[in-house]
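Below: one structure, written as structure tokens.
The values are calculated or read from the model by the stated rules, or taken from the named source; none is laboratory data. Predicted, not measured: the structure shown is a model, and the values here were computed from it. Neighbour counts are summed over all protein chains in view; Cβ atoms, including those assigned to glycine, are modelled from backbone coordinates with ideal geometry. We work out accessible area using only protein heavy atoms, side chains counted, and drop any ligands, DNA or RNA first. Shrake-Rupley method; radii C 1.70, N 1.55, O 1.52, S 1.80 Å.
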Amino acid sequence: MKIYQPHPWLLSVDEAITIQEELRNQVITQDQFSQPVQYVAGVDMGFEADGTISRAAVAVLSFPDLQIIETNLAYRPTSFPYIPGFLSFREIPAILDALEKIETTPDIILCDGQGIAHPRRLGIASHLGVLLNIPTIGVAKSLLIGKHEELPDTRGSWQPLIHRGETIGAVLRTRIGVKPVYVSSGHKISLLTAIDYVLRCTPKYRLPETTRVADKLASNR
């Protein structure tokens, strides 16, 4: 896969903030698909050797039947510490290495993390989407920022996630009786469309099948 917006990864926190502020202006939160969606992908991370080695996994599934088409792994030294709000600088370098190995270009990437539901509106899904110039969705397991109303316990129910008076995502129930997920536009996709694809990628479990497959690879399970 081609990287459209390369930038350095050996950065200070101040330099990382500057890049986030620059790239956030390039994020598109409207649907811009170049073709009908045939392939969806998930990316996830694991770490080895006390966190010094990053292990990135990518899984490409057919859509809408969600059958595994291709998977790959990449390893590289971890170059950025774990700091909330800067997950992309720690994880994306290895993720890009894994994506460069695959032959099937996904139409959407679902990320285990935030899209614009981020203090500077550039979570890992948005950051990755801008770098690759393809639609991405943030599907996070936990809340980073924002508030929302109580969510009914019915599959498909959702409430807007609000931060500083702005709707930045949605809290979405993908399965009855389990915790919701936090969905936000990553890049080149609207919130309503992102919610639709997340539901279509979660036929049985809380998390998208793309995330589940990538997580097993990244965790070596």
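Note on the range 113-160 and the range 79-106: Cα centroid distance 17 Å, given to the nearest whole angstrom. Counting only DSSP beta bridges whose two residues both lie in the range 10-141, roughly 75 percent are antiparallel. Evaluated with a Cβ-only charge set (Lys, Arg +1; Asp, Glu -1), the chain carries a dipole of roughly 480 debye about its Cα centre, given to the nearest 20. Pairs from the table (K141/K216; K147/K188; K147/K216; K2/K141; K101/K216; K2/K179) lying more than 26 angstrom apart at Cα are K147/K216; K2/K141; K2/K179. Considering only P135, G85, A74, the residue lying farthest towards the positive end of the dipole of the range 38-141 is G85, judged by Cα position with unit charges set on Cβ.
How large is the dipole of the range 114-221 about the Cα centre if only Lys and Arg carry +1 and Asp and Glu carry -1, each at its Cβ, rounded to the nearest 20 debye?
My answer is approximately 300 debye.
Take every Cα pair under 8 Å whose residues are at least 6 apart in sequence, average their separation, divide by the length of the range 1-149, and the relative contact order is 27 percent. Pairwise Cα distances in the chain exceed 29 Å for 19 percent of all pairs.
For the range 94-203, carbon and sulfur atoms together expose 48% of the accessible surface, with a 1.4 angstrom probe and every protein chain in place. Comparing A49, A41, A59 in a Gaussian network model of the chain where C-alpha atoms under 10 Å apart are linked, the largest mean-square fluctuation is found at A49. The alpha-carbon of K204 sits under 20 angstrom from the alpha-carbons of these aspartates and glutamates, leaving out residues fewer than 8 places away in its chain: D44, D65, D112, D153, D196, D215. Within the range 113-221, the GluC sites (Glu not before Pro) that combine a DSSP coil assignment with at most 15 other C-beta atoms in a 10 angstrom radius are E149, E150.
For the range 43-126, applying the loop criterion from DSSP together with a ceiling of 11 other beta carbons within 10 Å to the chymotrypsin sites (Phe, Trp or Tyr not before Pro) yields Y82.
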